[in-house]
Every structure is written in C-alpha cells, then in structure tokens.
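Comments concern the structure below.
The values are calculated or read from the model by the stated rules, or taken from the named source; none is laboratory data. Keep in mind that what you see is a predicted model, and the values were worked out from it rather than measured. Here the Cβ positions follow ideal geometry from the backbone for every residue, glycine too, while neighbour counts run over all protein chains shown.
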Amino acid sequence: MSEPIYLDHAATTPLAPGVAKAMYDALTDAPGNPSSQHRAGRRARARVDEAAAALAGLIGAQPRELVWTSGATESSNLALRGVAGFVGEGARIVSVVTEHPATRDTLAALAKKGVTVDWLTVDEHGAIDLDDLAAALAEGPDLVSIMQVNNETGVIHDIPAIAEQCASAGVALHVDAAQSLGRLAIDVATTPIALMSLSAHKMGGPKGIGALYVRRRAPRVGLAAQIVGGGQQRGLRAGTLPTHQIAGFGAAARYAARGSLPAQAGWARLRERLWRAIEPAGGLIRNGRAENTAAPFLSVSVAGLHGAALIAGLGEGEPALAVSAGAACSAAKGESSHVVRAMGRSPREAAATVRFSLGPGLDDAAVDVAAQRFVDEVARLRALAAAA
C-alpha cells in the first residue's frame, strides 16, 4: 500500500525542519520554569525570548507585544472576549459571516450576553464590500474582527485596506492570521492592526501553541484577561509557559522567514496544475477566484455527489488522498460548510465540497496522481448513483 498523498496542510502542517530539535533541546536543556529567577529558569526564559524575537520579526512586531496562548482559537477568544469584557455594557463588534468557528461561536456566545454583533456578508467570490464595512463602522463599534485568509477557501481579505479604513474611523481591528502566517507578508509596523491571532501548527510548528499580537502603540485596545491565576505575561494570560512548544513555534518562524514566502509562487503553480487536471471531471464549482486566493488553497464543490461519500472514498482508496470537506471544526460537528453557503452555494453543493491545501512534500508528479485519483473517484461515485 502506497503512502497517502497529504493535501490537508490548512488543517495541520508537518513539522518544519529544525522544529522537533528545538523542542527536544528545550525539554532536555532548559527544564526550568521560565518565570523562575534561578539559573535553570533563566535558561528557559532565554528559549522563550529567542522564540518571541523570531516570531515578532516575522510580522514586524516587538517581542513584548506577543501573548503566548494554546493556539489561534484561544487567541481569538482572548481578543474578542477581552475587548468585550474591557468595554463592558454596550460593547459592539463587527465581523464577517465566513469567519472561522473560533470567531463565529465566540461572538454568538457574546451576543447572548448582550454584546451587539454586526455581520458583514460576502459576494459569490467570498469577498466583503468595503462600503458595507464603512456603514458598520459608522455605528461606532469597539472592534472589527476579520480573518486575512479564509480557512476553507483560501480567499484573501485586503487587510491593509481594511486596517486603514478602521483606523480612519478610530476602531480597533483584530485579524485572524492563522492561515496567512508564513503564506502572506504581514507587517504590523506599517499596518494599523490592534490584535492578531497566530497559530504554530498551520505553518510548520507544533500543535497546542499560538500567540496573540497585542499592539502597544496607537491604535491600542484594552483587553480583559480571560485566564487569571498567576500574573504571567503582564497579566493578560496566566499559566506556566510551555517552553518546548514556544521554542518549536520560534523555530517554525525562523524557517518561514528563510523561505516560506518565496515558495508561495510554486504552490500557486501546483494549485493551478491540480485545478486543470481535475476540471475534466465536470460539474465542479471553484470557490473563490484564483487571483484572490492564497497560493496553497483549492476549494471545489462537486455536483451530484454526497460529500461524505466522496471524502471517504478519497481517503480509503489507493492511493489515499488526505483532503477535507472544509474546516476540521465544521467536520467535527457534522455540518456542511457555512462558508460556501454564504457564497451562494446550495446546502447540497456545500455538503459536497472538497478542500485541497498544498504544502511541503508535493510536486508535479504527486499532484498529477492526486488529480487522477480524484477524477476516477468522482466518476465511480456518479456511476454508483446512476445505477441505484
């Protein structure tokens, strides 16, 4: 049996070179608590500081502007709940209907507690209308929360333009950059972003570690801590820092700084090769425009098939394809994609959506094999449906 072809880098990426070693070294050479003042603690703190410098350098931030979290989901919770808690009664937040569940579900919970949430819609290509944003900003919200790259379709929101629009209105902006870190250039030194959620395991780092960028220059935003009980990280997030995971995040950031951004053109070329090879299957709807989609992403809805059957068939055949129906979070709930439904697809089309997301280890040959495997599986399932 051949090795599966891994096409699910948007869900989790394999560890980048140097990451596992950095984590092992931190576990064995720096076992102290990084909050302790003795020598062992200072050695652990040095690993944390090195990682902070690497990650901050990747986004144009200062190391002291990073708050370590368990991942982008916690980072977004801290951003959204933190602002709502700081503002108190009358808090108002603007977001987009196609956001990750970490944002959508958090805002739904906050709405039940009295926070006003204004939702921006998207067009058939997954893009927001900046005039709609301007109208929402006129209502005087306390925060706008928008992801830079959609986790299901790869659609890119124009964060520099959105940030300038928010800054002109005097409104803080939170960006979910889980899918854009290491894939798009991000410079918070020149872009007025107040808060930004980051994740390690989407860009070659370990699972279970993320960060929230909290701007210390104008425009600033007030945050109420959500985890208390120790005063670590300037009181914004209590708890002993996981030195080895932070070291892994730092190693992934250093690797990304060396070569991830230049590699994006190659992923875009492979993605278009994949699209051209699967298009002959017929009845495919491409979700998002190629020119406005992050390089590794290809989302397609397949007419006339049950999505679960297609994903299962691709995953169990030979060779197996590791793909997803969209967000892993939505799959865990058994839901069809709210993202492609918001783009105008029918519930049936949304339920028959496949997300390919490319990354290291793929080449022309692997893409060609994966494409033929997809075309064959679509044909097989359609023949079964016709015979039923």
- Message: Looking only at residues that are closer than 18 Å to V155 by Cα and of a type outside the set (G, A, S) in region 184-195, which one is nearest to the chain's Cα centre (by Cα)?
- Response: L184
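Conditions (1) surrounded by fewer than 19 Cβ atoms within 10 Å (Cβ to Cβ); (2) β-branched (V, I, T); (3) not in a helix (DSSP H, G or I), marked per residue:
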site	(1), (2), (3)
P206	no, no, yes
T240	yes, yes, yes
A247	no, no, no
G250	no, no, no
A253	no, no, no
Q264	yes, no, no
I278	no, yes, no
I311	no, yes, no
- Query: Does G222 satisfy the condition of being farther than 25 Å from A127 by Cβ and small (G, A, S)?
  - Reply: yes
- Note on the structure: The helices (runs of 4 or more DSSP H) lying wholly within region 1-109 that contain at least 3 residues that are within 22 Å of G239 (Cβ to Cβ), outside the structural domain of F297 (by TED's automatic domain parsing) and touching a His at 6+ places or on another chain (Cβ under 6 Å) are 19-29
- Taking region 144-167 and keeping residues farther than 30 Å from G266 by Cβ and surrounded by fewer than 24 Cβ atoms within 10 Å (Cβ to Cβ) leaves E164, Q165, A167
- Message: On the basis of being surrounded by 22 or more Cβ atoms within 10 Å (Cβ to Cβ), modelled with pLDDT of 95 or more and either touching a strand residue (DSSP E or B) at 6+ places or on another chain (Cβ under 8 Å) or closer than 30 Å to G88 by Cα (or both), does G170 make the cut?
- Response: no
- Item | Selection from region 93-111 of residues that are over 26 Å from I156 (Cβ atoms) and either among the charged types (D, E, K, R) or surrounded by 18 or more Cβ atoms within 10 Å (Cβ to Cβ) (or both) | L110
- Mind checking whether some residue in region 153-162 is in a strand (DSSP E or B) and touching a residue at least 24 places away in the same chain (Cβ under 8 Å)? yes
- Query: Restricting the first residue to region 299-325 and requiring it to be touching a residue at least 60 places away in the same chain (Cβ under 8 Å), which pairs with a second residue that is among the aromatic types (F, W, Y) meet a Cβ separation below 8 Å and a spacing of at least six or different chains?
  - Reply: S299/F356; L314/F374; L321/F374; A322/Y6; V323/F356
- Item | Test set (1) over 15 Å from A178 (Cβ atoms); (2) surrounded by 15 or more Cβ atoms within 10 Å (Cβ to Cβ); (3) touching a Phe, Trp or Tyr at 6+ places or on another chain (Cβ under 9 Å) - D118 fails condition number | (3)
